[in-house]
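Participant: One structure, pasted below without further comment.
The values are calculated or read from the model by the stated rules, or taken from the named source; none is laboratory data. Small disclaimer: the values here were computed from a predicted structure and weren't measured. Cβ coordinates were reconstructed from backbone atoms using ideal geometry, including for glycine residues, and neighbour counts include every protein chain displayed. All accessible areas refer to the heavy atoms of the entire protein, side chains included, with ligands and DNA or RNA removed. Shrake-Rupley method; radii C 1.70, N 1.55, O 1.52, S 1.80 Å.
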Amino acid sequence: MKAPQNTKKTFITYNGQSSADYGLLLVGTHKFETPETDLEFTEIPGKSRDLIHSKGRYKNIKEEFTFKAFISGYETLDRWKAKLSLWLRNQTDYSPLWFSDDPEWVRMAISYEDAAFERIKHDYGNITITFAEDPFKYRATGLDTIVLSSGDMITNKEAWSAQPDWHIVGNGDITLMVAGHSYLLSGVKDEIYLSTEYRRAYGAGKQSLETYKAKFDHVWPELAPLSQTVISWTGDVQRVEVMPKWRTLL
């Protein structure tokens with residue numbers, strides 16, 4: 001996946017459209033958080049130090065962009081506001097967010113809070129847009145699909161494990177082997193999709209499969225950090241594709 005191209009020096013692209021399309025120039029404040037580890041602290045009577053329980057995850061973060069808004073290209077402020085709202089508010093799930101100062105990485109974000117606009121002149125003002133984001137960002141090249149041959153080796157150069165999407169075209173009982181671990185796919189008909197991140201398997205057309213068709217004892221095929229992984233398979237397989245989704249913490 002390639003980063004969007006634009007003549008503006010600093011911009012974002014969200015929901016498939018650039019901030020520059022709305023007369024927004026990102027020259028103001030840029031605020032962001034670092035991800036918080038999701039921990040539970042329990043007080044123990046007689047002990048001065050709380051017991052820590054990790055939930056094994058990081059919490060979402062917020063990232064805030066402040067723009068100079070030039071609305072002279074629109075007939076009225078209301079018309080510009082309507083178009084801006086359509087851009088920011090027609091999503092109910094995460095969408096890719098690109099930031100031109102960090103072009104090799106993609107954030108997964110949603111904008112749902114009020115966008116604060118300060119009008120300075122008739123066709124000019126400031127606006128702040130806030131996004132809720134996945135605590136990880138994803139290397140753009142890792143969002144491309146790789147077609148594999150059995151026995152191929154792929155390299156994770158990041159310090160975090162990758163949770164890929166897999167697509168296997170074939171039939172019958174298929175065994176996928178990733179870094180020496182075997183994953184049995186029973187009774188595949190035409191194709192199967194695996195989402196390691198969401199721990200789900202899908203059939204043709206991404207229809208949900210019964211759990212017995214992809215049972216991995218709660219261990220799904222990840223790609224270990226800073227290592228090379230050999231991928232192979234057995235069975236009636238015509239094609240195996242993987243979207244590795246290389247990632248790092250924001």
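Participant: Would you please name the residue that is modelled with the highest pLDDT, looking only at residues in the range 70-88 that are among the hydrophobic types (A, V, I, L, M, F, W, C), open to solvent by 30 Å² or more (accessible area, probe 1.4 Å) and in a helix (DSSP H, G or I)?
Facilitator: It comes out as LEU86.
Participant: Out of the range 13-38, which residues are part of a loop (DSSP other than H, G, I, E, B) and open to solvent by less than 50 Å² (accessible area, probe 1.4 Å)?
Facilitator: ASN15, GLY23, LEU26, GLY28, PRO35
Participant: While we're on this one: Could you give me the residue pairs with C-beta distances under 8 Å whose first residue belongs to the range 1-18 and is under 11 Å from TRP98 (Cα atoms) and modelled with pLDDT under 60, whose second residue is open to solvent by less than 40 Å² (accessible area, probe 1.4 Å) and in a strand (DSSP E or B) wherever it lies, and which are 6+ apart or on separate chains?
Facilitator: Correct list of pairs: ALA3/TRP98; PRO4/THR13; PRO4/SER18; PRO4/TRP98.
Participant: Next question. Hey, any hits in the range 159-177 for a residue that's open to solvent by 80 Å² or more (accessible area, probe 1.4 Å), modelled with pLDDT of 95 or more and over 19 Å from VAL237 (Cα atoms)?
Facilitator: No, that holds for no residue.
Participant: Six or more apart or on different chains, Cβ atoms under 6 Å: show the pairs whose first residue is in the range 153-165 and touching a residue at least 60 places away in the same chain (Cβ under 8 Å) and outside any strand (DSSP E or B) and whose second is among the hydroxyl-bearing types (Ser, Thr, Tyr) and open to solvent by 20 Å² or more (accessible area, probe 1.4 Å).
Facilitator: Close Cβ pairs (under 6 Å, with a partner that is among the hydroxyl-bearing types (Ser, Thr, Tyr) and open to solvent by 20 Å² or more (accessible area, probe 1.4 Å)) amount to GLU158/THR248; TRP160/THR248.
Participant: If we only count strands (runs of 3 or more DSSP E) wholly inside the range 89-147, which ones have 2 or more residues that are aromatic (Phe, Trp, Tyr) and open to solvent by less than 80 Å² (accessible area, probe 1.4 Å)?
Facilitator: Where strands (runs of 3 or more DSSP E) fall fully within the range 89-147 and carry at least 2 residues being aromatic (Phe, Trp, Tyr) and open to solvent by less than 80 Å² (accessible area, probe 1.4 Å), they are 95-99, 124-139.
Participant: Further question: Residue check: is ALA214 within 24 Å of the chain's Cα centre (by Cα) and at pLDDT below 90?
Facilitator: The answer is yes for ALA214.
Participant: While we're looking at this one, here's another question. What residue, among those in the range 46-69 that are assigned to a loop (DSSP other than H, G, I, E, B) and within 29 Å of ILE110 (Cα to Cα), is nearest to the chain's Cα centre (by Cα)?
Facilitator: Per the criteria, the residue is ASN60.
Participant: Just one of the numbered conditions (1) open to solvent by 10 Å² or more (accessible area, probe 1.4 Å); (2) out of contact with any helix residue (DSSP H, G or I) (no Cβ under 9 Å at 6 or more places or on another chain); (3) not in a helix (DSSP H, G or I) is not true of ALA201; which one?
Facilitator: Answer for ALA201: the failing condition is (2).
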